[in-house]
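In what follows, a structure is listed as structure tokens, so that the remarks can point back to it.
The values are calculated or read from the model by the stated rules, or taken from the named source; none is laboratory data. Since this is a predicted model, take the numbers as computed values, not measurements. So basically every Cβ, Gly included, is an ideal-geometry build from the backbone, and we count neighbours across all protein chains shown. All accessible areas refer to the heavy atoms of the entire protein, side chains included, with ligands and DNA or RNA removed. Shrake-Rupley method; radii C 1.70, N 1.55, O 1.52, S 1.80 Å.
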Amino acid sequence: MAKAFASQADLEEKQVSFIQLSEHAWAYTAEGDPNTGIVIGDDAAMVIDTQATPVMAADVIRRIREVTDKPIKYVVLSHYHAVRVLGASAFVAEGRQHIIASDDTLSLIRERGEQDKASEIGRFPRLFRNVDSVPAGLTWPTLTFSGKMTLWLGKLEVQLLQLGRGHTKGDTVVWLPQERTLFSGDLVESGATPYAGDAYFSDWPQTLDNLAALQPLQLVPGRGAALQGEAQVAAGLLGTRNFIADVYGSVQAGAAAGKDLNTVYRETLAAVRPKYGHWVIFDHCMPFDVTRAFDEATAHRDPRIWTAERDIEMWKVLEA
Ligand SMILES: [Zn+2]
């Protein structure tokens with residue numbers, strides 16, 4: 001390989017922030033690394049996404065224990081990506097009762113969880129540096145739902161919602177209607193480039209409009225700082241929406257003109273870099289995003305499975 005994945009050279013430690021957003025909601029963020037959301041109800045706590053490894057998840061638990069001793073009874077997986085789910089076993093050790101995901105996420109874990117795990121470990125050496133602490137096999141939900149599920153943590157209402165496809169076909173958001181706090185998973189990013197290798201570009205903008213219709217006052221994105229207040233939330237939603245629309249628009253135009261993937265990649269990169277090139281993991285995401293967009297604009301309604309081998313093959317073609 002002439003050039004490693006962009007993220008293989010990304011080894012700088014990130015600064016963790018753990019902040020309270022509303023009466024029952026906290027955000028664990030790390031300068032563009034995958035976030036974890038925390039809900040602390042009357043009788044139990046919930047985490048939304050678990051970090052890449054149990055060693056990383058242990059730091060989330062340490063922070064939670066600084067603010068509550070309530071049991072962490074619920075682990076919600078916003079979607080199936082390994083970098084967010086393989087820390088789950090740390091919460092099992094804490095005595096969790098349920099790992100919850102959408103039926104669509106379960107079907108992705110069954111269909112491509114193994115390949116995704118191998119692929120993501122190859123892509124993100126920094127996040128998976130404690131990969132030995134991940135138990136063998138995959139993280140399996142113990143409870144699944146379709147469309148909507150409501151949990152009551154005492155008097156606190158917690159809604160798990162599927163508001164459309166976007167980052168994956170199984171995307172789940174967590175919504176606290178009483179305090180209008182939203183945990184979006186990777187459907188929304190803040191100062192970080194959306195990864196769209198498993199995405200549905202045609203659906204994603206409408207799904208973001210559905211999130212906006214909830215009128216959140218606080219939003220924990222998949223990556224980047226928590227968004228506080230209507231103006232920041234609106235900017236986060238719009239930034240993600242514009243990126244998806246700009247990338248897909250450029251790729252669709254190139255594909256319609258009969259250009260090959262390599263040409264479309266170079267042209268799209270040049271077109272969007274001035275606007276988004278400062279977002280973290282831009283160079284890492286773009287080859288995957290353009291490849292998936294090209295697939296969707298041509299022959300593949302559903303994302304093809306990424307394997308460690310396909311990652312390298314794609315990189316050779318685009319960075320040749
Ligand atoms: Zn993801």
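Candidate cross-link partners of LYS259 among the lysines, defined by an alpha-carbon separation under 30 Å and a same-chain spacing of 8 or more, comprise LYS3, LYS169, LYS275, LYS316. Taking only the alpha carbons of the chain, we obtain Rg and Dmax values of 18.6, 59 Å in that order.
For ALA226, neighbours were defined as the other residues whose beta-carbon sits under 13 Å from its Cβ, and their charges (Lys and Arg +1, Asp and Glu -1) total -1. You can think of it this way: the chain between GLN20 and THR68 has 16.1 nm of extra reach, that is 0.36 nm per residue less the Cα-Cα gap.
Protein heavy-atom accessible surface, 1.4 Å probe, per residue over segment 162-320: 36 Å².
Out of the total accessible area of the chain (probe 1.4 Å, heavy atoms of protein only), what percent is carbon and sulfur? List each step's numbers first, then the result.
Working: 6240 of 12280 Å².
Answer for the chain: carbon and sulfur cover 51 percent of the accessible area.
Of the beta bridges in the chain, as assigned by DSSP with both residues counted there, near 65 percent are antiparallel. Its residues counted as N, segment 182-283 yields a C-alpha radius of gyration over 2.2 N^0.38 Å of 1.11.
Could you give me D for segment 47-157, from Stokes-Einstein at 20 °C and 1.002 mPa s, where the hydrodynamic radius is the Kirkwood radius over C-alpha pairs? Units µm² s⁻¹, please. The calculation lands on 148 µm²/s. Estimated from the Cβ-Cβ distance and a Förster radius of 30 angstrom, the FRET efficiency linking HIS98 and THR298 is about 0.15. Separation of segment 68-146 and segment 196-242, taken as the distance between their Cα centroids, equals 23 angstrom. At the residue level, VAL92 shows approximately 70 square angstrom of accessible surface with a 1.4 angstrom probe and all protein chains present. For segment 230-320, the spread of Cα coordinates along the three principal axes comes to 41, 29, 26 Å, biggest extent given first.
Give the longest segment of the chain that steers clear of trypsin sites (Lys or Arg not before Pro) in DSSP loops with at most 15 neighbouring Cβ atoms within 10 Å, not counting the sites themselves. The partial results should precede the final answer.
On the way: sites that count: LYS3, LYS14, ARG126, ARG129, LYS155, ARG301, ARG304.
Excluding the exposed sites themselves, the longest stretch runs over 156-300.
Sort segment 104-254 into rounded, prolate or oblate with this rule: let a ≥ b ≥ c be the square roots of the eigenvalues of the Cα gyration tensor; rounded if a/c is under 1.5, and if a/c is not under 1.5, prolate when a/b is larger than b/c, oblate otherwise.
Working: a/c = 1.57, a/b = 1.11, b/c = 1.41.
In terms of gyration-tensor shape, oblate.
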